[in-house]
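Shown next, in structure tokens, is the structure this report addresses.
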Amino acid sequence: MIRQTDRVRVLLAEAWASWAERGSALAAEDWERPTRLPDWTVRDLYAHVAPVPEMFTGLRTAVREGPAEVSSGAGILRAYNRPDGIAHTAAGQVAETAKASARAVEPAVLIARFGVEGPAALAGLADLPPDTAVAHPLLGSVTVGALGEVALMEATVHLLDLIAAVGGPPPARGALDFTRVLLAEVADPVAFIEAAAGRSAAPVLPVIR
């Protein structure tokens, strides 16, 4: 039987493979194309999304006993995107980090992170149950499964940014379906349902920055 976290891992590995495949097909000038994210190039986007294996292997040393304080991807996203959350307060820092990484790392290395290193690191965590709690610098502790959900959402949303910049086929349907559901879960359920059903004109979207 496939657990939820197994499905997320499969979809995440597929999403990374798509990033690698698309990156391998880019011409040199494509890497410097602007994206719909202000002042971000395709290369910046790759550097931002590319999995860093050390981040995954480091999870083992961050394992904590007991239940996590945040156990879902939606919970992480709600915390990040509240008015005083990191999505707002650290947006500039995130952009600068991506740009610095893009300048320091060649496209071939970024492609390898998506196609080889990231998937290998992800497979190395397959024995950790989804409810495993790990320390988090901002949220106290979160589950491994929740981190995987956010990683899949990021890979999917930014893949749409990449496609808008350079074209190509859409993301896999499974990743799109999962991301749609996850983002809907971030919103207040009553506000989202009433807005989606035309019962309210109250602003609900966007739910993430």
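The values are calculated or read from the model by the stated rules, or taken from the named source; none is laboratory data. This structure is a prediction, so every number in the text was calculated from the model and none was measured. Cβ coordinates were reconstructed from backbone atoms using ideal geometry, including for glycine residues, and neighbour counts include every protein chain displayed.
Filtering the range 78-128 to residues that are under 16 Å from Val49 (Cα atoms) and aromatic (Phe, Trp, Tyr) leaves only Phe114. Would you call Pro83 under 14 Å from the mean Cα position of the chain (by Cα) and in a loop (DSSP other than H, G, I, E, B)? Answer is no for this residue.
Of all residues in the range 136-150, none satisfies being farther than 18 Å from Arg78 by Cβ, over 16 Å from the mean Cα position of the chain (by Cα) and free of Cβ contacts under 8 Å to residues at least 40 places away in the same chain. Tell me, yes or no, whether the range 27-43 has at least one residue that is at pLDDT below 95, among the charged types (D, E, K, R) and more than 17 Å from the chain's Cα centre (by Cα). Within the range 27-43 (the criterion being at pLDDT below 95, among the charged types (D, E, K, R) and more than 17 Å from the chain's Cα centre (by Cα)), the answer is yes, since at least one residue qualifies.
Quick one: is Ala172 surrounded by fewer than 18 Cβ atoms within 10 Å (Cβ to Cβ), modelled with pLDDT of 95 or more and in contact with a helix residue (DSSP H, G or I) (Cβ under 7 Å, 6 or more places away or on another chain)? Yes, satisfied.
Evaluation of Ala164 against the conditions (1) out of contact with any strand residue (DSSP E or B) (no Cβ under 6 Å at 6 or more places or on another chain); (2) among the aliphatic types (A, V, I, L, M); (3) over 24 Å from Leu37 (Cβ atoms) shows that the sole unmet condition is (3).
Of all the numbered requirements in (1) over 20 Å from Thr179 (Cα atoms); (2) buried (at least 19 other Cβ atoms within 10 Å of the Cβ), Ala27 misses one, and that requirement is (2).
Consider the range 167-209 and keep the residues that are touching a residue at least 24 places away in the same chain (Cβ under 8 Å) and part of a loop (DSSP other than H, G, I, E, B). The one that is farthest from Trp16 (Cα to Cα) is Val207.
Of the helices (runs of 4 or more DSSP H) lying entirely inside the range 1-79, those containing at least 1 residues that are farther than 23 Å from Glu96 by Cα and out of contact with any Cys (no Cβ under 7 Å at 6 or more places or on another chain) span 4-24, 53-57. Within the range 46-93, the set of residues being of a type in the set (Ser, Thr, Tyr) and farther than 20 Å from Ala155 by Cβ comprises Thr61, Ser71, Thr89. Just wondering, is there one or more residues in the range 46-62 that are of a type in the set (Lys, Arg) and surrounded by 15 or more Cβ atoms within 10 Å (Cβ to Cβ)? Within the range 46-62, none of the residues are of a type in the set (Lys, Arg) and surrounded by 15 or more Cβ atoms within 10 Å (Cβ to Cβ). Tell me, which residue of the range 148-169 that is more than 16 Å from His48 (Cα to Cα) and not small (Gly, Ala, Ser) is surrounded by the fewest Cβ atoms within 10 Å (Cβ to Cβ)? Restricting to residues being more than 16 Å from His48 (Cα to Cα) and not small (Gly, Ala, Ser), the top hit is Pro169.
Kindly evaluate Ala123 against the criterion of being at pLDDT below 95, within 20 Å of Ala175 (Cβ to Cβ) and either loosely packed, with under 14 Cβ neighbours inside 10 Å or more than 16 Å from the chain's Cα centre (by Cα) (or both). Yes: the conditions hold for Ala123. Against the numbered list (1) closer than 29 Å to Asp188 by Cβ; (2) assigned to a helix (DSSP H, G or I), Leu122 comes up short only at (1).
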